[in-house]
Each structure stands twice: as C-alpha cells, then as structure tokens.
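Okay, so here's the structure we're looking at.
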Amino acid sequence: DPGADASLCGMAATGASGTNAVRYGTMRPNVLNLRVVLPDGRLLHTAGPGRQPRKRAAGYDLTSLFVGSEGTLGFLTQATLRLHPLPEATAATVASFPSVGAAVACTVQVLQAAVPVARIGGCLRPEVGLGVQVPVVELSAASSPPEFLDEVMADACGRYSRMELPAAATLLLELHGSRHSLAEQQQQTEEIVRQNSGSGLAWAEGLEEREQLWSMRHNAWYAALALRPGCQVRHEDGADGSSAHGAVSATALPSLAQGYSTDVCVPISRLPDVVVETKQDLQASSITGPMVGHVGDGNFHCILVFNSQDPEEAERIHAFTQRLGRRALAAGGTCTGEHGVGLGKRALLQEELGQEGLDTLRSIKAALDPHNLMNPGKVI
C-alpha cells in the first residue's frame, strides 16, 4: 500500500511499508529477487538470474542486504515481488476515543486478541482550531493494522478531505477474510473498542466508501501542511530533525513554513507509553506536530510544521526529533521504522546498533563501493 509517487524499487531501496504491513508484511519479506547495478557497473541478481523461490537457504541473503540500503550499495533496477490473493470480503470502520492513550491501548488489545486486522491506524485530537470530523474506516476479515490519527491529525484530515471526522484521537480499521469470518471479527473488534471508551463505529464494505476513507488517510501529509497556510511541501531527504538545513522544496511558492515528517517504531507493548510521552513532548515544546501511524506494527509518524527561517523554532524541531529517536531506542525500538536513516539519523543509528554493528555496515559498504560513489554520506 505505497503512498503517492512511490516506485517499487524505491520502496525496496528504503525498506518501506504502508498501512497493510501488519497483515502482509513490509517490503523486505515481499521481495524475492532484485536486479542491482553495482558501483563498478556489474549486474547482480541477488537471488540468481530468473529465480523466485518462496524460501532459500543458499548462501548469504543478498536480497535482504539491498532492501533498505537507501541507495548506498547500488542501483535497484528490477524487483521480483511476492503476490497475495485478494480477500473475499473487506470491511472498514473509524472509531473515536477520548484520549490518545485509549486509542493506542485499543490497538494493542486488538492485536493481543489475535483479531486478523489488515489495516489499523489513527490520528489524535487536534489542538488547533480546525473543526474536522473523522471518517469511517473499513475492516476486513484478515484485517490490516489499525491506522492511528491524533486529534490534530484527525481534525486536519477531516477539513482537508471535506469529511466529517470528530476532532478526537481516531483509529481506522480494516478487516479482510471470508464473509463468514468477517461478522465474528467485527463483533470482537466492536467489543474491544467499547471497552476502551471508543465510539462512532460504522462499517463500510463498499469499495467506493472504503477508498474514500483511505484516501483521507493518504492525504495526511497535505492535510498537516494546511494547518499552516502557505506551507511548502518538503521531502524528508533523510535529514531527520534538520530539514531546515537540507530539505528540498517541491514548490516554488515563497513561504517560510516547511513540513517535515519523522518516524519511529517500538514494541507493541511499549507503544501506548511512547505515544503519550511524545504527545506531551510536542505540547511542552510548543510544536505543531500532528501524529499518524500504522500503530498495528508499533510505527508512528510526527509531521512537524515550522518556520524554517526561525533558528529557535528550527532548533526545537531538531531537538524534538532527537528526543523522539532516543525515546524509541530506550523502549527497545528503532529510530526509524519506514523513513530510513539518511543524514539526520546517523548518530541515532550508532546508538541503536553499537560501534561493532556500525563498523560491520561500513565494511560491507567499503567492499561493494570502495570509492564511495553511491549516495555518499548517507546512512553511515
């Protein structure tokens, strides 16, 4: 379920994932083979030319080595991918909660109850005066992870997509499966939502209704930018927390405001505490940073909107992203679940892997790219 303008090899190069990752996995387990142009011009098929076994134990796993390498080891020019069957039945819904903690706790309980969610995500209640309402999300029998929106993000998404969403912490859920199993899963999900003081459940099973709901979620980036009129679209470019120094503008419109997105991923059991602490950090730092995430796999994002010409505000953004990364590491997680290391998370990568781990990465890089031609300076 890639976002806008994503390419297959680009998704593989960054080890990316999307709203369906909890049920169907990230790019890594779904890539069977890659064709790579190495720095010296040689052509490599990571699993061998024309091979696409579902599993293998022959030698080192070169495919996994290049997935997530962020362009530092070679150019990915072709990908052989695993296919998944379409579910017989799908249903989606949106649920609102009185707090971020309640929404995330509901996610954890849905997963612990082994409800086969296909998508689950959410938003938190907006703290700026936007009056938006959250749409209903679909659930399928073999559900996707819940999508989470904090109240700020839910409000922004509702306004941007012209959908009626309450300005409250929100979960979008989708279930996939047979028609027989779907009803049972819906009943189980509804019970868990009620136990966490959730409300507003209404199931959408039609394709058009479901697509409208997920389109709202996929527009979260642009909805967040609209919180600050005139904000430029900025690509993360890996410079986590330091986009004021390295982000590339995607528009020629004159503006001092920028949007910068960062992410972390933590064990599901630690997710409620980390999300609540991050929300408190945003408020204490006076940062406009709506939160959204594929919380079914412990991954969430903060979309930070700030004045790039204000050194004090830019420094607060940078300091926040570093605290966020270290908070995730302290919880046993990773400094990035989807966006990658790039430039801005290199120090966090060393803290995450340790010196021995980082030295091993550098040895691999030196062996494949001794002249440092591929994306120099990135990752390591």
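What follows draws every value from the coordinates through simple rules; no lab data is involved. Given the structure is predicted, the values throughout are model-derived calculations rather than measurements. Ideal geometry is used to build each Cβ from the backbone, glycine not excepted, and the neighbour counts take in all protein chains shown.
So, by mean Cβ neighbours within 10 angstrom, what's the order for 89-95, 60-66 with the highest one leading? It would help to have the intermediate numbers written out before the result.
Values: 89-95: 27.1, 60-66: 16.3.
Order by mean packing, descending: 89-95, 60-66.
Grab the beta carbon distance between THR360 and GLN112, set R0 = 41 Å, and tell me the FRET efficiency rounded to 0.05.
Using R0 = 41 Å, I get an efficiency of 0.70.
Suppose R0 equals 45 Å. What FRET efficiency, 1/(1 + (r/R0)^6) with r the Cβ-Cβ distance, do TYR60 and HIS84 give to the nearest 0.05?
0.95
Per-residue HN-Hα couplings for the stretch 266-276, Karplus 6.51 cos²θ - 1.76 cosθ + 1.60 at θ = phi - 60°, whole Hz, x for Gly and Pro?
Whole-Hz 3J(HN,Hα) from phi for the stretch 266-276: 10, x, 3, 5, 9, 4, x, 5, 5, 5, 5.
Which distance in Å, rounded to a whole number, links the C-alpha centroids of the stretch 304-340 and the stretch 360-380?
For the stretch 304-340 versus the stretch 360-380, the Cα centre distance is 25 Å.
Once amide H atoms are placed 1.01 Å from N in the peptide plane, what residues at a sequence separation of 5 or more from LEU304, or on another chain, have their amide H within under 5 Å of its amide H?
Answer set, sorted by chain and number: TYR260, SER261, THR262.
Out of the stretch 48-107, which trypsin sites (Lys or Arg not before Pro) are coil in DSSP terms and have no more than 11 other C-beta atoms within 10 Å?
ARG54, LYS55
Skipping prolines and chain starts, which residues have an amide H placed within reach, meaning under 5 Å, of the one on HIS176, given they are 5 or more residues away or on another chain?
Distant-sequence amide H within range of HIS176: ALA118, SER140, ALA141, ALA142, SER143, SER144.
Consider a paramagnetic label point 7 Å from the Cα of ASP273 along Cα→Cβ; state which residues of the stretch 80-106 have an amide N under 18 Å from it.
Backbone N within reach: 100-106.
Expressed in nm to one decimal, what extension gain is obtained for the pair GLU208 and ASN372 from 0.36 nm per residue of sequence separation less their Cα-Cα distance?
Contour length minus Cα-Cα distance gives 54.2 nm.
Evaluate E = 1/(1 + (r/R0)^6) for GLN283 and ALA6, where r is the Cβ-Cβ distance and R0 equals 30 Å; express this FRET efficiency to the nearest 0.05.
Working from the Cβ atoms, E equals 0.40.
Expected output is a single nm value to one decimal: the length gained when fully extending between PHE75 and GLU191, i.e. 0.36 nm times separation in residues minus the C-alpha distance. What is it? All intermediate terms of the calculation are to be shown ahead of the outcome.
Details: separation 116, 0.36 × 116 = 41.76 nm, distance 4.84 nm.
36.9 nm is the gain from fully extending PHE75 to GLU191.
Taking the Cα centre as origin and putting +1 on Lys and Arg beta-carbons and -1 on Asp and Glu beta-carbons, what dipole magnitude results for the stretch 8-85, to the nearest 20 debye?
Using Cβ point charges on Lys, Arg, Asp and Glu, the stretch 8-85 gives about 380 debye.
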